[in-house]
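Student: Before I ask anything, let me first share the structure, which is written out below as structure tokens.
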Amino acid sequence: MDKITLSKLRRSYYPNPKQPSDYALKEIDLDWTDGGANALLRPSGCGKSTLLNIISGLLVPSEGQILFDGQDVTELAPDKRNIAQVFQFPVIYDTMTVYDNLAFPLRNRGRDEATVHTRVMAIAEMLEVTDLLDQKAAGLSPDNKQKISMGRGLVREDVNVVMFDEPLTVIDPHLKWKLRSKLKELHQRVKATMIYVTHDQTEALTFADQVVVMQLGEVVQIGTPVELFERPAHTFVGHFIGSPGMNVLPCTLSGGSAYFGEHRIQLEGPVKGTPEGRTEIGIRPEFVSLAESGLPAVVAKVSDVGRHTVVECQADGHRFNAITEGAGPEKGAAVFLDFKRSQTRLYVDGWIATEAGEG
Amino acid sequence: MKTDNQKAWFFVLPVLLLVAFNALIPMMTVVNYSVQETFGDNVFFWQGLDWFQQILRSDRFHAALGRQFMFTFLILIIEVPLGIAIALSMPRKGFWVPVCLVLMALPMLIPWNVVGAMWNIFTLPDIGLLGYFLNHVLGINYDMTQDPFAAWVTIVTMDVWHWTSLVVLLSYAGLVSIPDAYYQAAKIDGASNWSVFRFIQLPKMKTVLTIAILLRFMDSFNIYTEPFVLTGGGPGNSTTLLSIDLVKIALGQFDLGPAAAMSLIYFAITLLVSWLFYTLMTKDDLN
């Protein structure tokens, strides 16, 4: 059980990086708590593999350090760190049986066969693959293959960190749920620190206690699923998490208030400092309601998504989403939109710029 | 109910005709010769299976067959491991990849009789680069027109030079198809280089290696042009492989009956060994 600290970590694929855009991974300072379930959420292609490979030791960062429980492991080889990694596509040794696959990491480390046997049997039972042990691994279904690659990581008694690199990509939808709950269960049993990388918000939010959101090789926000949902630190997080994502509207500031066109919109609290740059209002559709008075708009589209109805409205050439319970208004109807004040935030150049109000 | 449409057979017809004219009909004439005796003038006498008996009992055939198996065995045991080793040491990406690939492909682009002629001149003791070097610089007595051992070393080396590239290119194709994640997982699992080869690279190369071995077996078992140009089967009969012997009987002695019987036996052996190879190498895949 290790606490992982990334300190001023940067990675560039250029020999002499000069400007920030030369870095595949921008400066990262991060703590992953001991034994926690962590997720790294990011859209495709933003340096997540780079980050994972640095943690597992397959890559060396250009700058900065990685500490496991305060110990510098930046230069340590992958097999010397107590980590395991599960890849996007299941990695199994085709010619071996399931048993030999699970035993492989232990045998490579010179454990005696008795220990190997006890560990393999324990892990097989945990993963519910005991009856597959004698089979050739090549013939397994993708979800079982992925379980075996997971098992190869967990079989080592010294593993403290398990990293998952979009492990459910190749799994059938109906098995995803099963495997995901298995993961949660495993996390509770083995108490290792887990880092789960995904671009799927549902996977990240259901798995993790703490989620790190990355964009373009940069950490945008770190927080619990609730924090990310309720108070996105960046409009990107607002867009990326939630369905539909947060409404972001351009606004002007005047005398401490925000104006969308001529309409004054009340913010959750005072604005921090003196904002310079692009100012925007961010509010989640869940907190926009159709009311008797407020911002006038026209209904452009109504979609029934099951539990609630998403009403897409248009005002001044901008689109808003509002979520209402029950049937929504007709398309083309004139409505007024009310923004819940405690959930209305100001963003300057994408970053949050209001202080939380009293609620 | 599903109605069967038989029209598709018409589309196969051209291929059938083509195969008939370039394989089936010539082969049937061979079958025809193999059961008859002729003294020319297009007069034939029925001979039954006599030629087959005669060939199968002949010491000359046994000797040629033995040399043939020896040759194929030697080149396979050298070319396959060597080809894999070269493929493993080739770069996977970057500037040198196309350079290596072109260099590897070069020997295969040279016509077979040219390869034979090249090596013939190359190894001449007085004027050949290699022959002169061995004889006059290193002082080794090397003359493949006199010494059977030298002749064998030369034809095996020539085949290795000519065809190892095929094994290299096929193995390389198998190697580059392995995703990086396998190597990364192996590193994390603490696997040694040998384990990586044994459990990742070799299994992933297996399909292409099967094809490479089969091709090399068939080609080397039927090899004619290069050893014919290089040694002509000599000195004596020491490098007279099956195909060379066959041509001697058919065109040298004009014994069409025995030659036809021998070709059929030759063909049957090639087919049988190829089938055995293939069955053995793919039997695991069925489970």
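Any read-out appearing in this document is the output of simple, stated calculations on the displayed coordinates, not a laboratory observation. Values in this document were obtained by computation on a predicted structure and should not be read as measured data. Cβ sites come from the backbone with ideal geometry, for glycine too, and all protein chains shown count toward neighbours.
Student: How would you order B:18-24, A:105-111 from highest to lowest mean count of nearby Cβ atoms within 10 Å? Provide the component values of the computation, followed by the final result.
Tutor: Details: B:18-24: 10.9, A:105-111: 16.9.
By packing density, highest mean first, the sequence is A:105-111, B:18-24.
Student: If you don't mind, another one. Take every residue in peptide A:91-101, count the Cβ atoms of other chains within 10 Å of its Cβ, and give the average of those counts. Mind showing how you got there, number by number?
Tutor: Numbers: counts 10, 3, 10, 6, 8, 2, 0, 0, 0, 1, 2.
Across A:91-101, the average partner-chain Cβ count within 10 Å equals 4.
Student: Can I ask one more? Kirkwood Rh and Cα-based Rg: tell me the resulting Rg over Rh for the range A:161-220, rounded to two decimals. Write out the running numbers ahead of the final one.
Tutor: On the way: Rg = 11.9 Å, Rh = 12.3 Å.
Reported Rg/Rh (Cα atoms, Kirkwood Rh): 0.97.
Student: Also, I was wondering about something else. Run down the lysines and flag those whose C-alpha is under 17 Å from the C-alpha of A:Lys191, throwing out any fewer than 8 positions away in its chain.
Tutor: A:Lys3, A:Lys182
Student: Here is a further query. Which value, to two decimals, describes the C-alpha radius of gyration of the range A:4-230 once divided by 2.2 N^0.38 Å? Don't jump to the answer; show the numbers that get you there.
Tutor: On the way: Rg = 17.7 Å, N = 227, 2.2 N^0.38 = 17.3 Å.
Taking the Cα Rg and dividing by 2.2 N^0.38 Å, one obtains 1.03.
Student: Expressed in nm², what is the orientationally averaged projection area of the convex hull enclosing the Cα positions of the range A:117-160? Walk me through the intermediate numbers first.
Tutor: Numbers: hull surface 12.4 nm².
Quarter of the Cα hull surface area: 3.1 nm².
Student: By per-residue mean of other Cβ atoms within 10 Å, what is the highest-first order of B:166-179, A:326-339, B:4-17? The partial results should precede the final answer.
Tutor: Numbers: B:166-179: 19.2, A:326-339: 14.8, B:4-17: 8.5.
Most protected by this proxy first, the peptides run B:166-179, A:326-339, B:4-17.
Student: Write down, largest first, the equivalent ellipsoid semi-axes of the range A:228-272 in whole Å, where each equals the square root of 5 times an eigenvalue of the alpha-carbon gyration tensor. Please report the intermediate quantities before stating the final value.
Tutor: Working: eigenvalues 101, 31, 12 Å².
They are 22, 12, 8 Å, listed from largest to smallest.
Student: Another question about this same structure. Can you pull the semi-axes for the range A:191-296, root of five times each eigenvalue of the Cα gyration tensor, sorted largest first, whole Å? Walk me through the numbers on the way to the answer.
Tutor: Numbers: eigenvalues 188, 54, 25 Å².
Whole-Å semi-axes of the equivalent ellipsoid: 31, 16, 11.
Student: Principal axis extents for the range A:37-103, Cα atoms only, whole Å, descending order, please.
Tutor: 41, 30, 24
Student: Averaged across the residues of A:78-89, what count of C-beta atoms belonging to other chains lies within 10 Å of each residue's C-beta?
Tutor: Working: counts 7, 6, 1, 1, 0, 1, 3, 6, 3, 7, 2, 3.
For this peptide, the per-residue mean of nearby foreign Cβ atoms is 3.
Student: Alpha carbon centre of the range A:318-359 versus the range B:64-121: separation in Å?
Tutor: 71 Å
Student: On average, how much area does the Cα convex hull of the range A:243-352 cover when viewed from any direction, in nm²?
Tutor: Numbers: hull surface 27.3 nm².
Reported value for the Cα convex hull: 6.8 nm².
Student: Over all residues in B:177-187, what is the mean tally of Cβ atoms on other chains that come within 10 Å of each residue's Cβ? Display every interim value, and only then the final one.
Tutor: Numbers: counts 0, 0, 4, 4, 10, 5, 2, 12, 16, 7, 7.
The shielding value for this peptide is 6.
Student: If you take the charge dipole of the range A:191-277 about its Cα centre, with +1 on Lys and Arg Cβ and -1 on Asp and Glu Cβ, which of A:Ala233, A:Val213, A:Pro275 is farthest toward its positive end?
Tutor: A:Pro275
Student: Enter the angle in degrees (range 0 to 90, nearest 10) between the Cα long axis of helix A:98-108 and the first principal axis of the Cα atoms of chain A, meaning the one along which they spread out most.
Tutor: With rounding to tens, the tilt is 80 degrees.
Student: Which value, in Å to one decimal place, does the Kirkwood hydrodynamic radius take for the range B:24-113 when every pair of different Cα atoms is included? Please list the in-between numbers first.
Tutor: Values: mean 1/r = 0.0549 Å⁻¹.
Hydrodynamic radius (Kirkwood, Cα pairs) of the range B:24-113 is 18.2 Å.
Student: Suppose only helical runs count, i.e. DSSP H with n ≥ 4. What mean residue ellipticity at 222 nm does that imply for chain A under -39500 (n - 2.57) per run, divided by all residues and rounded to the nearest 500 deg cm²/dmol? It would help to have the intermediate numbers written out before the result.
Tutor: Details: 8 runs with 85 residues, N = 359.
That calculation yields -7000 deg cm²/dmol at 222 nm.
Student: Same structure, new question: Can you give me the angle between helix A:173-190 and the longest principal axis of chain A, using Cα atoms only, in degrees from 0 to 90, rounded to the nearest 10?
Tutor: Between helix and principal axis, roughly 70 degrees.
Student: How far is it, in nm, from the label point at B:Arg198 to the one at B:Phe95 when both lie 7 Å from their Cα along the line to the Cβ?
Tutor: So the two model labels end up 3.8 nm from each other.
Student: At q = 0.14, 0.29 Å⁻¹, what log₁₀ I(q)/I(0) does the range A:295-359 have when each alpha carbon counts as one equal point scatterer in the Debye sum?
Tutor: Computed log10 I(q)/I(0) values: -0.52, -1.16.
Student: I've got another one for you. Order these peptides, B:135-144, B:64-73, A:148-157, by their mean beta-carbon neighbour count within 10 angstrom, highest first. Please list the in-between numbers first.
Tutor: Numbers: B:135-144: 13.5, B:64-73: 17.7, A:148-157: 22.7.
The most tightly packed comes first, giving A:148-157, B:64-73, B:135-144.
Student: For the range B:203-287, what is the per residue volume of the convex hull drawn over the alpha-carbon atoms, in cubic angstrom? Intermediate results must be reported in sequence, preceding the final value.
Tutor: On the way: hull volume 8.5 nm³, N = 85.
Output value, Cα hull per residue: 100 Å³.
Student: Could you tell me the ratio Rg/Rh of the range B:107-166? Both radii from Cα atoms, Rh via Kirkwood. Each step should come with its number before you reach the end.
Tutor: Numbers: Rg = 11.8 Å, Rh = 11.8 Å.
Expressed as Rg/Rh, it is 1.00.
Student: Could you tell me how many degrees, from 0 to 90 and to the nearest 10, lie between the Cα long axis of helix A:142-154 and the main elongation axis, the longest principal axis, of the Cα atoms of chain A?
Tutor: The answer is roughly 70 degrees.
Student: Once the piece of chain linking B:Val247 and B:Asp219 is laid out straight, how much longer is it, given 0.36 nm per residue of separation minus the C-alpha distance between them? Before the final figure, lay out the partial values.
Tutor: Values: separation 28, 0.36 × 28 = 10.08 nm, distance 1.68 nm.
Here the segment from B:Val247 to B:Asp219 would lengthen by 8.4 nm.
Student: For the range A:45-176, just list the percent of Cα-Cα distances falling in each 10 Å bin from zero outward, please.
Tutor: Result, from short to long distances: 12, 39, 33, 15, 1 percent.
Student: Still on this structure: What's log10 of I(q)/I(0) for the range B:61-169 at q = 0.14 Å⁻¹, Debye sum over Cα points only, no solvent?
Tutor: For the range B:61-169 at q = 0.14 Å⁻¹, log10 I(q)/I(0) is -0.70.
Student: Which value, in Å to one decimal place, does the Kirkwood hydrodynamic radius take for the range A:108-197 when every pair of different Cα atoms is included?
Tutor: Details: mean 1/r = 0.0720 Å⁻¹.
Value: 13.9 Å, from the Cα pair sum.
Student: In whole Å, what are the extents of the range B:61-101 along the principal axes defined by its C-alpha atoms, from largest to smallest?
Tutor: 51, 14, 7
Student: A follow-up question, please. Could you state, as a whole-number percent, how many of the C-alpha pairs of chain B are farther apart than 28 Å?
Tutor: Details: 22391 of 41041 pairs.
Everything past 28 Å amounts to 55 percent.
Student: Further question on the same structure: Can you count the Lys pairs in chain B with C-alpha separation below 23 Å, eight or more apart or on different chains? Write out the running numbers ahead of the final one.
Tutor: Numbers: B:Lys93/B:Lys187; B:Lys93/B:Lys204; B:Lys93/B:Lys206; B:Lys187/B:Lys204; B:Lys187/B:Lys206; B:Lys204/B:Lys283; B:Lys206/B:Lys283.
Eligible lysine pairs with Cα atoms under 23 Å apart amount to 7.
Student: What is the Cα convex hull volume of the range B:117-252 when expressed per residue in Å³? Walk me through the numbers before you get to the answer.
Tutor: On the way: hull volume 19.7 nm³, N = 136.
For the range B:117-252, the hull spanned by Cα atoms encloses 145 Å³ per residue.
Student: Placing one identical point scatterer on every Cα of the protein assembly as shown and ignoring solvent, what is log10 I(q)/I(0) from the Debye formula at q = 0.07, 0.10 Å⁻¹?
Tutor: Once normalised to I(0) and log-transformed, intensities are -0.73, -1.03.
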